[in-house]
Amino acid sequence: MIPLSRASDKPIILLALILSISGVATLTAGLDSPVALSTFATQATSPSWNPATSCNAVVLTLEQYVGAVANPTQKQPNVGADYSGGALILEGAKPAGTNPQSTSWPYSKRSTSPPCTVTLSNGTVLPTLVEIHGVKVGALSDDECGTVFRNQCDQTFNACNANLAPNCSSSYPDTMHKFHSEIDMYWGNSGIAPPRPTAGTIVDLQGFAYWDDAHVSDSWHSFSGWELHPLTAWRLSQSSSSPDFSMVATPSTVKLTAGSSGSSTITASPLNGFKGTVTLVSSSSAGGVSCSLNPTSVVLGGSQNSTLSCSGGSGAYSVVVTGSSGSLSHSTTVTFAFPDFKISASPASINTSPSRIGVSKVIFTSMNGFAGTISLTLSSSNGFNASLNSTSVFLGSGGTVNSTLTVSSGTIGSYTANVTGTSGSRSHSISIPVIVSDFSISASPNTLSLAASSTTSSLITLTSLNSFSGTLTLSVTVSPSGPRASLSPATITLTPNNSGTSTLTIKALKKTPIGSYTVTITATSDSLSHTITIPVTVTA
């Protein structure tokens with residue numbers, strides 16, 4: 001059971017269940033990566049009362065959750081809250097009157113482990129778990145009993161604002177202060193559902209945001225698709241009835257370009273009959289940022305707006321707007337971001353050998369929602385060839401895109417390839433070191449002479465040139481056949497700018513024909529190979 005203890009009004013904590021269930025994954029409803037957390041996401045700090053989910057809830061009023069936009073396609077009194085005005089529009093912004101399909105909702109209403117956040121295609125991150133205080137429980141109904149699980153039903157009721165819609169009427173304007181809730185049968189079958197509340201009680205609720213497109217025209221669903229489904233927990237209301245106010249920023253993320261300013265609307269709304277003056281102040285720890293609020297105070301009888309305007313700064317920074325009235329104080333955060341891109345390379349330097357090709361992947365990464373075409377230019381020092389496989393790339397918001405740098409040189413040396421990416425006024429460069437290294441092979445002595453039935457030797461030296469490193473495999477042949485030849489060791493590992501040696505031993509047998517021979521020694525590392533020949537004379 002998930003109810004609160006009636007003695008303590010605290011959630012029952014099941015530690016083992018908390019440890020066994022993870023709900024912190026982010027589900028992406030779109031192609032782009034997040035730019036910044038929305039105001040609602042940053043305010044999702046209320047711990048779940050149900051240990052079946054580890055998500056934090058965002059605390060909203062009922063009216064904030066369903067929004068103040070009446071469905072323009074409906075006629076009074078059969079009018080409810082439109083999708084477009086909701087706080088958690090998890091299918092992204094839609095024109096007023098749009099009824100998004102539930103099949104496109106980022107998670108199923110039957111899910112026992114919905115994600116904690118959803119990222120929209122514009123990069124906005126929204127929470128999914130909602131906490132609403134001080135609502136009245138309407139009449140309860142058991143639906144779809146036994147259709148999936150024996151002895152399990154969906155337990156449904158409407159929750160309404162106990163002050164603004166005390167009768168939970170299904171006519172406008174009560175429908176703007178009301179939404180549908182369901183304790184889902186799948187949660188019941190898993191043993192993680194909250195208990196059945198009592199009709200008429202004033203409760204605080206937690207549940208996952210959901211839009212049900214199938215019941216927008218139904219009076220029992222308040223002519224709106226908004227639900228808390230699944231409802232995860234409830235408690236007898238601990239809400240204060242004292243007058244208060246809330247603050248929300250729209251948008252919560254503002255994109256800027258160099259030298260420009262951006263703005264966000266700060267909305268202060270009265271709660272529980274609050275009336276009074278709210279003084280507004282902005283603050284930011286970022287350097288070089290200039291912000292202003294207009295007006296700097298608002299008088300609340302209903303919701304009032306102030307415009308926050310900021311300029312300067314770089315990268316991404318946050319501005320906190322604090323509203324104060326007497327002992328009451330609330331804040332909301334706005335993120336200002338300069339869309340840009342950065343360049344990196346993998347590998348960061350290229351090591352190659354003469355006449356061999358070296359490759360590095362030049363990576364362009366979107367920052368703060370940058371999207372656009374980047375023109376590429378390449379410059380390089382003399383002595384080697386360099387090319388890019390494209391002259392421009394398109395970088396999507398929150399994504400990455402690559403271009404391939406290919407280099408080659410016939411000469412040992414150290415070089416640099418410079419790649420510059422330009423998009424509008426933005427320009428970034430990266431320098432990629434190119435090291436062309438090799439090794440040499442020599443013999444001392446470099447000619448040999450021996451009599452039949454004797455042996456002789458030569459020291460083979462392999463030397464790293466320009467920081468070459470690697471393992472060399474040695475082989476030896478004698479032409480024409482006659483003396484026997486061997487190398488010890490047959491492999492040598494070179495470290496940068498050092499040498500290694502191997503001993504060549506030549507043995508002439510008693511029956512080895514007298515004459516001249518050529519001994520060829522080959523050293524190989526991957527596809528790089530060098531040889532040396534040593535004349536050998538066998539005498540009587």
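The values are calculated or read from the model by the stated rules, or taken from the named source; none is laboratory data. Since the structure is predicted, the reported quantities are computational estimates derived from the model, not experimental observations. Because the Cβ atoms are built from the backbone with ideal geometry, glycine has one as well, and the counts that use them run over all protein chains shown.
For every residue, the table says whether it meets (1) of a type outside the set (Ser, Thr, Tyr); (2) touching a strand residue (DSSP E or B) at 6+ places or on another chain (Cβ under 8 Å); (3) modelled with pLDDT under 90.
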| position | (1), (2), (3) |
| --- | --- |
| 202 | yes, yes, yes |
| 207 | yes, yes, no |
| 218 | yes, no, no |
| 222 | no, yes, no |
| 229 | yes, yes, no |
| 254 | yes, yes, yes |
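Matching residues to (1) hydrophobic (A, V, I, L, M, F, W, C); (2) touching a helix residue (DSSP H, G or I) at 6+ places or on another chain (Cβ under 9 Å); (3) surrounded by 14 or more Cβ atoms within 10 Å (Cβ to Cβ):
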position: 216; (1), (2), (3): yes, yes, yes
position: 220; (1), (2), (3): yes, no, no
position: 237; (1), (2), (3): no, no, yes
position: 261; (1), (2), (3): no, no, yes
position: 264; (1), (2), (3): no, no, yes
position: 280; (1), (2), (3): yes, no, yes
position: 293; (1), (2), (3): yes, no, yes
position: 306; (1), (2), (3): no, no, yes
Worksheet item: Which of the residues belonging to the range 511-540 are in a loop (DSSP other than H, G, I, E, B) and in contact with a Gly (Cβ under 8 Å, 6 or more places away or on another chain)?
Response: 512, 513, 526
Worksheet item: Right, residue 121: among the small types (Gly, Ala, Ser), within 23 Å of residue 40 (Cβ to Cβ) and touching a residue at least 24 places away in the same chain (Cβ under 8 Å) or not?
Response: yes
Worksheet, complete the sentence: Taking the range 363-393 and keeping only residues that are under 30 Å from residue 120 (Cβ atoms), modelled with pLDDT of 95 or more and not hydroxyl-bearing (Ser, Thr, Tyr), one is left with 363, 364, 374, 393
Discussion item. Based on this model, can you work out whether residue 434 counts as within 30 Å of residue 539 (Cβ to Cβ), surrounded by 15 or more Cβ atoms within 10 Å (Cβ to Cβ) and of a type in the set (Val, Ile, Thr)?
Written reply: no
Worksheet item: Which residues, taken from the range 197-221, are in contact with a Ser or Thr (Cβ under 9 Å, 6 or more places away or on another chain) and either assigned to a strand (DSSP E or B) or among the β-branched types (Val, Ile, Thr) (or both)?
Response: 201, 202, 203, 204, 205, 206, 207, 208, 209, 210, 211, 216
Discussion item. Please go through the range 403-431 and give me each residue that is in contact (Cβ under 8 Å) with a residue 24 or more places away in the chain, under 27 Å from the mean Cα position of the chain (by Cα) and within 26 Å of residue 314 (Cβ to Cβ), ordered by number.
Written reply: 403, 419, 420, 421, 422, 423, 424, 425, 426, 428, 429, 430
Worksheet, complete the sentence: Per the filter on the range 121-133, residues at pLDDT 90 or above and not acidic (Asp, Glu) are 125, 126, 127, 128, 129, 130, 132, 133
Worksheet item: Does residue 464 count as surrounded by fewer than 14 Cβ atoms within 10 Å (Cβ to Cβ) and either touching a helix residue (DSSP H, G or I) at 6+ places or on another chain (Cβ under 8 Å) or within 26 Å of residue 519 (Cα to Cα) (or both)?
Response: no
Practice prompt. Can you work out which of the residues in the range 60-77 that are surrounded by fewer than 18 Cβ atoms within 10 Å (Cβ to Cβ) and of a type outside the set (S, T, N, Q) is nearest to residue 99 (Cα to Cα)?
Written response: 72
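A quick yes/no check of all residues on (1) at pLDDT 95 or above; (2) aliphatic (A, V, I, L, M); (3) within 20 Å of residue 522 (Cβ to Cβ):
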position: 413; (1), (2), (3): no, no, no
position: 420; (1), (2), (3): yes, no, no
position: 427; (1), (2), (3): no, no, no
position: 431; (1), (2), (3): yes, no, no
position: 442; (1), (2), (3): yes, no, yes
position: 445; (1), (2), (3): yes, no, yes
Fill in: Inter-residue pairs, beta-carbon under 8 Å, first assigned to a loop (DSSP other than H, G, I, E, B) and in the range 325-348, second aromatic (Phe, Trp, Tyr), 6+ apart
339/370
Discussion item. Looking at the structure I just gave you, is residue 271 aliphatic (A, V, I, L, M), closer than 24 Å to residue 159 by Cβ, surrounded by fewer than 22 Cβ atoms within 10 Å (Cβ to Cβ) and in contact with an Asp or Glu (Cβ under 7 Å, 6 or more places away or on another chain)?
Written reply: yes
Worksheet entry | Complete set of residues in the range 330-362 that are at pLDDT 90 or above, crowded, with 20+ Cβ neighbours inside 10 Å and over 30 Å from residue 496 (Cβ atoms) | 341
Worksheet item: If you take the residues of the range 497-510 that are in contact (Cβ under 8 Å) with a residue 40 or more places away in the chain and outside any strand (DSSP E or B), which of them is surrounded by the most Cβ atoms within 10 Å (Cβ to Cβ)?
Response: 509
